[in-house]
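Taking it in order: structure first as structure tokens, then the write-up.
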Amino acid sequence: MNFKRVFYLLFYFLLISSSLQSQETTKSWVRVNQLGYLPSGIKVAVFASKKNISEDEFQLLDAKTNIAVFTGSTGKQYGTYGPFTQSYRLTFTSFNTKGSYYIKCGTTSSPVFLIDENIYNGTADFALRYMRQQRSGFNPFLKDSCHTKDGYTVYG
């Protein structure tokens, strides 16, 4: 075997094993509104775990500095929800400072999100562009057509 082939085999083995390991260790998630939150609005995230974990508090961290700017109680356990054995509602409504943040509950972190007055600007345009790109027939974004012979008209 030549060196290049051994290198590629080793690389793929490490890539696959790290992928499998990360899938096995991910058992908890923090779900947030990925559009963001209004400063004066209700701000709630959800912690959900496939393990029976008991958490007492969560932290809101500044995404630029990784410094905790708010600590809150997880409150009551909501228990089983869908595939999850444990869930909590993480409320941080009283925090009103604009910026970029993420939530950490135990060892689990959320995606980064914004708190700002203009977080919903352009949302309707974004949703309409997505729907236009997903439609069957002529797609103006791709300038191509799909499902031109396998569809049928339901009404009319």
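Tabulated data for the structure shown
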item: Members of segment 74-90 found to be open to solvent by 80 Å² or more (accessible area, probe 1.4 Å) and either in contact with a His (Cβ under 9 Å, 6 or more places away or on another chain) or assigned to a strand (DSSP E or B) (or both), listed by number; result: Tyr81, Arg89
item: Residue in segment 94-129 that is nearest to the chain's Cα centre (by Cα), counting only those that are aromatic (Phe, Trp, Tyr) and under 13 Å from Leu35 (Cβ atoms); result: Phe113
item: Matching option when the condition is polar (S, T, N, Q), in contact (Cβ under 8 Å) with a residue 60 or more places away in the chain and out of contact with any Ser or Thr (no Cβ under 8 Å at 6 or more places or on another chain), among Ser28, Ser110; result: Ser110
item: Complete set of residues in segment 87-105 that are under 17 Å from Ser54 (Cα atoms) and touching a Phe, Trp or Tyr at 6+ places or on another chain (Cβ under 8 Å); result: Ser87, Tyr88, Arg89, Leu90, Ile103, Lys104, Cys105
item: Counted residues, segment 118-147 - those being charged (D, E, K, R) and surrounded by fewer than 11 Cβ atoms within 10 Å (Cβ to Cβ); result: 3
item: Looking only at segment 29-63, and only at residues there that are aliphatic (A, V, I, L, M) and closer than 11 Å to Phe84 by Cβ, the one that is least open to solvent (accessible area, probe 1.4 Å); result: Ala48
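Listed here are the residues, each with its yes/no results for (1) part of a helix (DSSP H, G or I); (2) over 30 Å from Lys27 (Cβ atoms).
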{"position": "Ile103", "(1), (2)": "no, no"}
{"position": "Phe126", "(1), (2)": "yes, yes"}
{"position": "Phe138", "(1), (2)": "no, yes"}
{"position": "Ser145", "(1), (2)": "no, yes"}
{"position": "Val154", "(1), (2)": "no, yes"}
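The values are calculated or read from the model by the stated rules, or taken from the named source; none is laboratory data. The model shown is predicted, which means the values in this text are computed figures rather than measured ones. Backbone-built Cβ (ideal geometry, glycine too); neighbour counts: all protein chains shown. We work out accessible area using only protein heavy atoms, side chains counted, and drop any ligands, DNA or RNA first. Shrake-Rupley method; radii C 1.70, N 1.55, O 1.52, S 1.80 Å.
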